[in-house]
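Engineer: I am attaching a structure below and will ask some questions about it afterwards.
The values are calculated or read from the model by the stated rules, or taken from the named source; none is laboratory data. Small disclaimer: the values here were computed from a predicted structure and weren't measured. Glycine gets a Cβ as well: all are built from the backbone with ideal geometry, and neighbour counts include every protein chain shown. All accessible areas refer to the heavy atoms of the entire protein, side chains included, with ligands and DNA or RNA removed. Shrake-Rupley method; radii C 1.70, N 1.55, O 1.52, S 1.80 Å.
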Amino acid sequence: AKDMGKNAYQFFAQDMNSTNTQQFSVQAALRFALEREQLYLMFQPQMNLATGQLCGMECLIRWQHPEMGAISPVEFIPIAEETGMILQIGHWVLQRACQVAQGWREQGLQVPKIAVNLSVRQFKPGILVEQVATVLAETGLPPYLLELEVTESLIMRRINEAVEIMNDLKAMGVSLAIDDFGTGYSSLSQLKYLPLDILKIDRSFVEGLPASSDDTAIAQSIVAMAKKLGLSVVAEGVETLEQMQTLRDAGCDMMQGYYYAKPLSEIEMGQFIERVSA
Ligand code: C2E
Ligand code: CA
Ligand code: CA
Ligand code: CA
């Protein structure tokens with residue numbers, strides 16, 4: 001699947017660098033993908049480190065192309081952002097995620113919070129808040145079960161505008177997470193201006209745990225300061241028992257990663273919820 005992704009990337013990168021007509025064709029391919037249901041969601045469980053219980057999940061988009069195979073979101077999300085298709089795709093992800101979660105609830109499952117990734121282009125005054133409200137109303141998913149993840153670079157770029165949108169989302173009862181923390185330019189001190197609930201420590205700091213004393217120090221101080229700011233902390237990309245223990249000892253609240261579970265299909269995630277809540 002990795003090789004397929006690389007071919008796909010080269011294919012698109014070529015398109016992106018050339019004419020508008022070709023750029024339009026990438027946009028057309030993505031629109032076609034959306035219409036033909038080549039896009040779908042996977043769901044990665046999150047675990048509460050204190051209790052060992054399922055406490056949430058993150059929705060991750062996938063593109064299964066009929067000829068090129070699986071294309072990673074790392075490759076097509078930036079292209080979708082560039083062409084503006086991210087608006088339709090982002091809306092679809094939000095709708096689909098809420099629909100699936102509400103569907104599980106209607107089956108009688110005890111569904112934890114679902115986290116949806118938002119892109120820079122979706123964070124628009126007068127559009128995003130209304131879109132989230134409409135999707136929640138249409139699907140019937142209670143707002144407290146929806147979490148929105150935004151990356152720090154996005155927020156810091158236009159902080160005043162972002163804070164306003166975030167306040168409106170919070171007023172609706174939705175929770176807000178800052179994603180990939182530590183990879184951008186912001187400092188923890190800037191976080192105090194943002195109405196956040198959750199901070200997600202990027203995988204790049206988790207990778208080196210516990211062998212790297214630098215990474216351990218960084219992870220420990222991110223957790224300590226985030227907690228002083230009243231935020232819950234999720235570590236991403238946790239792959240080993242030792243990483244999990246180091247994070248738990250540092251006071252990290254939740255984790256997500258292959259050690260607990262890989263991203264699961266809708267059916268697998270439903271079964272996972274059923275199994276752990278039985
Ligand atoms: P992210 O938000 O940081 O998501 C976490 C990524 O880490 C996911 O990659 C996930 O599959 C992967 N991962 C989870 N656990 C582990 C682990 O233990 N080890 C390792 N090595 N990797 C792990 P994925 O699904 O390929 O998504 C990549 C990125 O694409 C996401 O990074 C996110 O930035 C973006 N993305 C995915 N879905 C969406 C979406 O619906 N909308 C937007 N705007 N972006 C999305
Ligand atoms: Ca994320
Ligand atoms: Ca992340
Ligand atoms: Ca990440």
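Engineer: Would you please list the contacts, defined by Cβ atoms under 6 Å and residues six or more apart or on different chains, that run from a residue in the range 191-211 that is in contact (Cβ under 8 Å) with a residue 40 or more places away in the chain to a residue that is among the small types (Gly, Ala, Ser) and part of a strand (DSSP E or B)?
Structural biologist: Asp197/Ser175; Ile198/Ala177; Ile198/Ser232; Lys200/Ala177; Ile201/Ala235; Val206/Ala235
Engineer: So, of the residues in the range 183-208 that are more than 13 Å from ligand 2 (Cβ to nearest atom) and hydroxyl-bearing (Ser, Thr, Tyr), which turns out to be nearest to Val129 (Cα to Cα)?
Structural biologist: Among them, the one singled out is Tyr193.
Engineer: Of everything in the range 212-238, what is among the hydrophobic types (A, V, I, L, M, F, W, C) and without any contact (Cβ under 8 Å) to a residue 24 or more places away in the chain? Give them in sequence order.
Structural biologist: Hit for the range 212-238 is Ala217, nothing else.
Engineer: Tell me which residues, restricted to the range 36-80, are within 16 Å of ligand 4 (Cβ to nearest atom) and open to solvent by 30 Å² or more (accessible area, probe 1.4 Å).
Structural biologist: Within the range 36-80, Met42, Leu60, Ser72, Pro73, Val74, Glu75, Ile77, Pro78 meet the criteria.
Engineer: Let me ask something else. Would you be able to say whether some residue in the range 218-231 is crowded, with 18+ Cβ neighbours inside 10 Å, in a helix (DSSP H, G or I) and among the hydroxyl-bearing types (Ser, Thr, Tyr)?
Structural biologist: No; the residues of the range 218-231 include none that is crowded, with 18+ Cβ neighbours inside 10 Å, in a helix (DSSP H, G or I) and among the hydroxyl-bearing types (Ser, Thr, Tyr).
Engineer: Another question, if that's okay. From the list Leu241, Leu247, which residue is touching a residue at least 60 places away in the same chain (Cβ under 8 Å), within 18 Å of Ser204 (Cα to Cα) and away from ligand 2 (no atom under 16 Å from the Cβ)?
Structural biologist: Of the residues listed, the single one that is touching a residue at least 60 places away in the same chain (Cβ under 8 Å), within 18 Å of Ser204 (Cα to Cα) and away from ligand 2 (no atom under 16 Å from the Cβ) is Leu247.
Engineer: Which members of the range 127-158 meet the condition of being surrounded by 19 or more Cβ atoms within 10 Å (Cβ to Cβ), without any contact (Cβ under 8 Å) to a residue 40 or more places away in the chain and either under 21 Å from Glu106 (Cβ atoms) or away from ligand 2 (no atom under 16 Å from the Cβ) (or both)?
Structural biologist: Listed by number, the list holds a single entry, Leu136.
Engineer: Run down Tyr193, Tyr258 and say which single residue is open to solvent by 60 Å² or more (accessible area, probe 1.4 Å) and either assigned to a helix (DSSP H, G or I) or within 16 Å of ligand 1 (Cβ to nearest atom) (or both).
Structural biologist: Just one listed residue meets the conditions, Tyr258.
Engineer: A further question on this structure: Can you tell me which residues in the range 176-195 are at pLDDT 95 or above and either in contact with a His (Cβ under 7 Å, 6 or more places away or on another chain) or closer than 20 Å to Pro125 by Cβ (or both)?
Structural biologist: If the condition is that a residue be at pLDDT 95 or above and either in contact with a His (Cβ under 7 Å, 6 or more places away or on another chain) or closer than 20 Å to Pro125 by Cβ (or both), then Leu176 is the only one that fits.
Engineer: Pick from Ser175, Ser212: which is under 18 Å from the mean Cα position of the chain (by Cα) and away from ligand 4 (no atom under 15 Å from the Cβ)?
Structural biologist: Working: Ser212 fails: under 18 Å from the mean Cα position of the chain (by Cα).
Exactly one of Ser175, Ser212 is under 18 Å from the mean Cα position of the chain (by Cα) and away from ligand 4 (no atom under 15 Å from the Cβ), namely Ser175.
Engineer: Related question: Return the residues of the range 102-141 that are more than 23 Å from Ile77 (Cβ to Cβ), touching a Leu at 6+ places or on another chain (Cβ under 6 Å) and either among the basic types (Lys, Arg) or within 16 Å of ligand 3 (Cβ to nearest atom) (or both); say none if nothing qualifies.
Structural biologist: Answer for the range 102-141, where residues must be more than 23 Å from Ile77 (Cβ to Cβ), touching a Leu at 6+ places or on another chain (Cβ under 6 Å) and either among the basic types (Lys, Arg) or within 16 Å of ligand 3 (Cβ to nearest atom) (or both): there is none.
Engineer: Here is a list: Asp180, Asp168. Which entry is within 16 Å of ligand 2 (Cβ to nearest atom) and open to solvent by 40 Å² or more (accessible area, probe 1.4 Å)?
Structural biologist: Asp180
Engineer: Just to be sure, is Gly270 among the small types (Gly, Ala, Ser), in contact with a Ser or Thr (Cβ under 9 Å, 6 or more places away or on another chain), open to solvent by less than 30 Å² (accessible area, probe 1.4 Å) and away from ligand 2 (no atom under 16 Å from the Cβ)?
Structural biologist: Answer is no for this residue.
Engineer: For Gln243, work out the one condition from (1) open to solvent by less than 20 Å² (accessible area, probe 1.4 Å); (2) in a helix (DSSP H, G or I); (3) within 21 Å of Leu176 (Cα to Cα) it doesn't fulfil.
Structural biologist: For Gln243, the failing item is (3).
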